[in-house]
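Taking it in order: structure first as structure tokens, then the write-up.
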Amino acid sequence: MTVLTNDSTYWRAFEENKLTHSVAHYLMAVDHLRNELGYARVTDVANLLDISRGAASLALSHLKERDLIKEDPNRFLLLTEEGTQLARTVEHNYVLLTCFFENVLGIPPETAREDACKIEHLLSDETSNALVRFLRVLLTNRKWIQELTQKLDQLEDTCSLDTPCPLCEPVGECLMPQTTRFQECPLESSPDSPAKKQKG
């Protein structure tokens with residue numbers, strides 16, 4: 001059995017991600033202000049994001065250097081073509097993730113929106129497009145959603161002691177939260193499991 005590991009290849013990809021959480025929200029703030037007010041100034045961005053004008057000015061200057069934001073002749077802020085594309089991508093990802101968390105996983109709205117906000121800027125185009133296709137198929141059939149919800153409600157919060165869970169098996173240990181793990185996963189009880197080896 002091949003055990004999945006999150007090696008340096010993946011966390012380095014996170015570090016190299018062009019779009020940070022902060023950058024995403026500055027871009028979306030400018031986009032939102034221009035849609036709502038017809039213009040966006042540094043002061044407006046600072047007020048919307050609840051930060052100081054100095055902090056907003058510094059951050060926006062960096063975004064101008066990266067050619068994500070520019071100014072019009074009246075010194076109002078504008079998004080460049082790339083900045084607009086990034087802002088819209090993050091906004092769309094937020095909607096997709098919130099929809100998935102709330103309507104498919106049954107996560108409470110407040111938690112769903114908070115978690116969606118944390119990762120909206122990190123999704124690859126491939127994952128985002130796949131999520132769109134998945135939600136389009138699932139949400140057009142109410143019966144499927146009902147059946148999925150029922151199965152989730154009936155699912156036990158423990159791994160079977162008889163058969164290794166197909167979700168846990170690639171990892172080599174039980175993935176159930178510690179607070180709901182009432183029985184020991186057979187993979188964890190095995191002397192060959194990575195978890196046992198680390199503890200040993």
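Read-outs: derived from the displayed coordinates by stated rules, not from any lab. Just so you know, these numbers come straight off a predicted model, no measurement behind them. Virtual Cβ from ideal backbone geometry, glycine too; neighbours counted across all protein chains shown.
Structural remarks
- Counted charge near residue 60, where neighbours are those whose Cβ lies closer than 12 Å (Asp, Glu -1; Lys, Arg +1): +3
- Shape summary of the stretch 55-116, radius of gyration then Dmax from alpha carbon positions: 16.1, 48 Å.
- Under 15 Å, Cβ to Cβ, from residue 40 - net charge with Lys/Arg +1 and Asp/Glu -1: +1
- Footprinting exposure proxy ranking of 147, 102, fewest other C-beta atoms within 10 angstrom first, gives 147, 102.
- Hydrodynamic estimate: the Kirkwood radius of the stretch 21-79 over Cα pairs, inserted into Stokes-Einstein at 20 °C and 1.002 mPa s, corresponds to D of 194 µm²/s.
- Stokes-Einstein diffusion for the stretch 87-154 at 25 °C, viscosity 0.890 mPa s, with a Kirkwood radius from C-alpha pairs, works out to 198 µm²/s.
- Surrounding net charge for residue 27, when Lys and Arg each add one and Asp and Glu each subtract one, Cβ distance under 10 Å: -2
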